[in-house]
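Input: a single structure, listed below in C-alpha cells.
The values are calculated or read from the model by the stated rules, or taken from the named source; none is laboratory data. Just so it is clear, the model here is predicted, and its values are computed rather than measured. With ideal geometry, Cβ positions are generated from the backbone for all residues, glycine too; neighbour counts draw on all protein chains shown.
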Amino acid sequence: MPSGPDISVKLGSLELSNPVIAASGTFGYGLEFIPFLDLNRLGGFCTKGLSLKPRVGNPVPRVFETASGMLNAIGLENVGLEKFRDEKLPLLQPYRTRIIANFFGDTVQEYAEMAEQLSGLERIDALEMNISCPNVEEGGLAFSSSPRIVEQVVAAVRPVTSKYLIVKLSPNVTDICEIAQAAQQAGADAVSLVNTYLGMALDITTRKPYLANTSGGLSGPSIKPVALYQVYQVARSVTIPVIGIGGIRTAEDALEFLMAGASAVQVGTANFFDPAVTIKIIDGIHRWCVENGVSKLDEINGSK
C-alpha cells in the first residue's frame, strides 16, 4: 500500500487497518479466498454463520440471479462450531487480519452458548450476531422482529463474552432505528446493517418459485439505495459504531456509506463476481483520499 492518507478506523476498542470487511456468507471461512487476494490487506472478514451443530441448509435450487442482484435461500449451511474450531481456524493463524465470527442460534440459550464458546478462541477478534433467524421459543418469530426480543437475546449474550460484539440487523422490520437502539441498550458494541431483504422470483413456465424455499434474501447493487438510507438513519439514532452493508461493489459505494455515518463497511455479493473486489475497494478509497486531500477517514465520516 502506498504511503499517504491513514485509512485505518477505530470502532471503539476494535481497530481495523482499513474500513473494508468481507461480509458473512459471501467469503466462506476466509480460506477459500487465499488464492485470490492477500487476507492481510483486508480490514477484516466475517466467517460464514456458525451454529453449535453443522447444518446442511435448504434444498436446491437456493440461489437465483435477479436484475442487479441475487436471491439466496442457502439456509445458513455451515460446518458447525467444533469443525470450525478444529479444522478451519488453525489454518488462519498465520494471518493478522481481523477475524469476525458470525454466529446464530435457534434459542436465546443457543446464542449465549455460541458466544461463550467462541469467546474462548483467542484468534477471534470480534463476534457478529446474526439475529435474522427464527426464534423457536417465540413461535418462529425472527429475533430481529421486535426491540423486546432483540434486547432479550443481546442481553443474554453480553455477560458471557468480553469479545467485541456486533449485532447484525435485518431490514425486514417496521423501524430499524428502534431495533438498533435496543441492541445498544442491551450492550452491543456496534451494529451492522443491512442484512438481506426478503424477496422471491417465479418461473412463469412452471408457475412455481425458482427457489425451493419459495422466498430468499435479496442482495447486491439493487438494494444499495435503501440500505444506504437505513444506515444513514441508524447512524443518527445510536451512539455506537455502525457498519454499513448493502450492494457495495466500488470504492465510491463504500465512501457513500462512510459519508452517511458508517464507521466501516462490509462487502458481500460483489465477492461472488470478483473475488478480489475488496482489495480494489481498499485501493480505491486510498486513491480517493489522495486525490481529495483527505488525510484521515474520520474527516468524511458522517459528512453527508
Test each condition in (1) farther than 16 Å from residue 258 by Cβ; (2) surrounded by fewer than 17 Cβ atoms within 10 Å (Cβ to Cβ); (3) not basic (Lys, Arg) for residue 229 and report the one that comes out false.
(1)
Within the range 136-155, restricting attention to residues that are in contact with a helix residue (DSSP H, G or I) (Cβ under 6 Å, 6 or more places away or on another chain) and without any contact (Cβ under 8 Å) to a residue 40 or more places away in the chain, which residue is surrounded by the most Cβ atoms within 10 Å (Cβ to Cβ)?
150
Taking residue 218 as meeting all but one of (1) crowded, with 20+ Cβ neighbours inside 10 Å; (2) in a loop (DSSP other than H, G, I, E, B); (3) of a type outside the set (D, E, K, R); (4) touching a residue at least 40 places away in the same chain (Cβ under 8 Å), write down the number of the exception.
(2)
With the condition kept exactly as written, say whether any residue in the range 156-173 is out of contact with any Ser or Thr (no Cβ under 9 Å at 6 or more places or on another chain) and either assigned to a loop (DSSP other than H, G, I, E, B) or touching a residue at least 60 places away in the same chain (Cβ under 8 Å) (or both).
no
I'd like to verify a number: residues in the range 257-281 that are buried (at least 22 other Cβ atoms within 10 Å of the Cβ) and more than 17 Å from the chain's Cα centre (by Cα), how many?
1
Pull out all pairs, ordered by first then second residue, where Cβ-Cβ is under 6 Å, the residues are six or more apart or on different chains, the first lies in the range 41-61 and is free of Cβ contacts under 8 Å to residues at least 24 places away in the same chain, and the second is aliphatic (A, V, I, L, M).
57/74
Checking the conditions here, which among 219, 263, 237, 295 is modelled with pLDDT of 95 or more, over 22 Å from residue 63 (Cα atoms), out of contact with any Pro (no Cβ under 9 Å at 6 or more places or on another chain) and of a type in the set (S, T, N, Q)?
237
Only one of these conditions is not met by residue 78: (1) in contact with a Phe, Trp or Tyr (Cβ under 9 Å, 6 or more places away or on another chain); (2) under 23 Å from residue 16 (Cα atoms); (3) among the polar types (S, T, N, Q). Which number is it?
(2)
